[in-house]
Amino acid sequence: MSAATTPVEVDVAIIGGGLTGASLAAALADTALRVLLIESVPFGQAGQPSFDERTTALGNASRRIFGALGVWEALAAEAGVIRSIHVSDAGRFGFARLEAAEQGIEAFGYVVPNRVLGAALWQRLAAAPRLILRAPARLESLEVSAAGAELRLVAAQAERFRARLVVGADGANSQVRAAAGIAASVEDYRQVALVANVASDEPHAGRAFERFTPAGPIAVLPLARGDRAVIWARAPADAERLLALDDAGYLAELQAAFGWRAGRFTRAGKRASYALELTRAAAPTAARTVLIGNAAQALHPIAGQGFNLALRDAAMLAEVLAAGGDAGAPELLARFAAWRERDRRGVTRFTDSLVKLFGDARPGVALLRNLGLLLFDVSPPAKSALARVSAGFAGPSPRLARGLGLSRG
């Protein structure tokens, strides 16, 4: 084999440089591991699908992870603080309120524009001299065996790499998952998320709303500059119609569906949409392969848990890898899968159950649902339990999620 065709040896090859893949690369940047990150759009540009017009609600564990990675300082000024949450069932009597101060915490979470998250992560990666970054680059082929993984890239020039471990952070339609022979189930929620930033004539005061309507849930979240992020799930035809409206028409329909709890909506920014499906990989690992983020599980945004779960995946994987040894060893991957299984299963079941519970229009179900909301509203233990969801449902908490470094030394 000539020098020109000799594969470059790496410990970890991360396929996908969106929010999840970039977070893992940032977590591994200061370890002894040789890490390759492959992304299809140019480094530092906003064309990456993860870095779009959407916002992400980061729980407190996610804030601590980004703090430990040296990223939070760049995010804090652009983060809207969620100090209270109001949950209601439109047209019915059920509601629940949560106050961060009652739980002894500063906030339930922080709402950050995805483009800000992406820029902060890219800035961190640019300062990582050991990281091998290929962007833009496309994975032409991937062959995985018990001995390792062979990758062929199409970039400025064709390249080959050999990795001990391949990480699929390449989204719900994961090429890595397919190459590893891991099956996935897909459940179409028959909904489209319509996202936009809006202004209203009342200050948000750190209040977030989750309002369930017959047409789909509406989340209204506080942003740093006083505006609000709206995530509105509608049937595909309804979403297409709403996208085609002018701003005044969209705001009028939003006001009618949501009500006046946030005041009068006065201005709307650019609207975007994406289909809502529940995608679940049959297993998170295979030979020399691990899946994280949407490649492992893509969730409905109803409770804002998708990226928080993905970030805990990345944090725990970084912790396991940083401990040393063969990065793709079966026992290492089994340990990672076991530590993350209960959290993944719990969050997935929680979000899916919420979608189906509040989408069930049968009178008996609606009555029980609203009674449940009222009981929750007067139950401090239940509120405390829900406030801890962002730290993970169960299983070991990653060191980074506790604000610690990867090393136990």
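Here ASP238 fulfils each of the conditions (1) part of a helix (DSSP H, G or I); (2) crowded, with 20+ Cβ neighbours inside 10 Å; (3) not aromatic (Phe, Trp, Tyr) apart from (2). Just to be sure before I move on: is ALA327 buried (at least 24 other Cβ atoms within 10 Å of the Cβ), over 22 Å from THR351 (Cα atoms) and not hydroxyl-bearing (Ser, Thr, Tyr) in the structure I sent? So ALA327 passes the test.
Where strands (runs of 3 or more DSSP E) sit wholly within segment 84-143, those with at least 1 residues that are under 21 Å from THR31 (Cβ atoms) and of a type in the set (A, V, I, L, M, F, W, C) occupy 132-134. When segment 252-276 is filtered for residues that are under 27 Å from LEU58 (Cβ atoms) and aliphatic (A, V, I, L, M), the ones remaining, listed by number, are LEU254, ALA257, ALA262, ALA268, ALA272, ALA275, LEU276.
Just one of the listed residues (SER40, SER2) is at pLDDT below 90, more than 14 Å from the chain's Cα centre (by Cα), hydroxyl-bearing (Ser, Thr, Tyr) and closer than 20 Å to ALA310 by Cβ, namely SER40. Of all residues in segment 267-289, none satisfies being within 20 Å of the chain's Cα centre (by Cα), in a helix (DSSP H, G or I) and either of a type outside the set (Val, Ile, Thr) or farther than 19 Å from GLY16 by Cβ (or both). Checking each residue in segment 173-184 for being at pLDDT below 95 and in a strand (DSSP E or B) picks out no residue at all. For segment 185-219, a tally of residues being under 22 Å from GLY259 (Cβ atoms) and assigned to a strand (DSSP E or B) returns 21.
Rundown of residues vs (1) of a type in the set (A, V, I, L, M, F, W, C); (2) free of Cβ contacts under 8 Å to residues at least 60 places away in the same chain, yes/no style:
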{"position": "GLY325", "(1), (2)": "no, yes"}
{"position": "ALA337", "(1), (2)": "yes, yes"}
{"position": "VAL347", "(1), (2)": "yes, yes"}
{"position": "ASP352", "(1), (2)": "no, no"}
{"position": "LEU357", "(1), (2)": "yes, yes"}
{"position": "ARG362", "(1), (2)": "no, yes"}
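Looking at this structure, is GLY70 of a type outside the set (A, V, I, L, M), at pLDDT 90 or above, in a loop (DSSP other than H, G, I, E, B) and closer than 19 Å to ALA318 by Cα? In short, yes.
Count of segment 111-134 residues, restricted to those that are of a type in the set (S, T, N, Q) and more than 25 Å from ARG228 (Cβ to Cβ), is 1.
Surrounded by 13 or more Cβ atoms within 10 Å (Cβ to Cβ), at pLDDT below 90 and part of a strand (DSSP E or B), is that true of GLU159? Considered against the rule, which asks whether it is surrounded by 13 or more Cβ atoms within 10 Å (Cβ to Cβ), at pLDDT below 90 and part of a strand (DSSP E or B), GLU159 comes out as yes. A residue that is at pLDDT below 65 and within 20 Å of LEU317 (Cα to Cα) cannot be found anywhere in segment 371-386.
Residues of segment 241-266 that are in a loop (DSSP other than H, G, I, E, B) and surrounded by fewer than 19 Cβ atoms within 10 Å (Cβ to Cβ): LEU245, ASP246, GLY259, TRP260, ARG261, GLY263, ARG264. Would you mention how many residues in segment 193-231 are of a type outside the set (A, V, I, L, M) and in contact with a helix residue (DSSP H, G or I) (Cβ under 7 Å, 6 or more places away or on another chain)? Of the residues in segment 193-231, 4 are of a type outside the set (A, V, I, L, M) and in contact with a helix residue (DSSP H, G or I) (Cβ under 7 Å, 6 or more places away or on another chain).
Determine, yes or no, whether ASP170 is at pLDDT below 95, in a strand (DSSP E or B) and closer than 23 Å to GLY293 by Cα. Here the answer is no, as ASP170 does not meet what is asked.
Taking residues in segment 249-276 that are over 30 Å from ASN294 (Cα atoms) and touching a residue at least 12 places away in the same chain (Cβ under 8 Å), and partners anywhere that are part of a loop (DSSP other than H, G, I, E, B) and acidic (Asp, Glu), the pairs with Cβ atoms closer than 7 Å and at least 6 places apart or on different chains are ALA262/GLU202; GLY263/ASP201; GLY263/GLU202; ARG264/ASP201; THR266/ASP201.
Restricting segment 324-365 to residues that are of a type in the set (A, V, I, L, M) and at pLDDT below 90 leaves a set whose member that is nearest to ARG34 (Cα to Cα) is VAL347.
The values are calculated or read from the model by the stated rules, or taken from the named source; none is laboratory data. Note that the structure is predicted; figures quoted are calculated from it, not measured. Note that we place each Cβ from the backbone using ideal geometry, even for glycine, and neighbour counts take in every protein chain shown.
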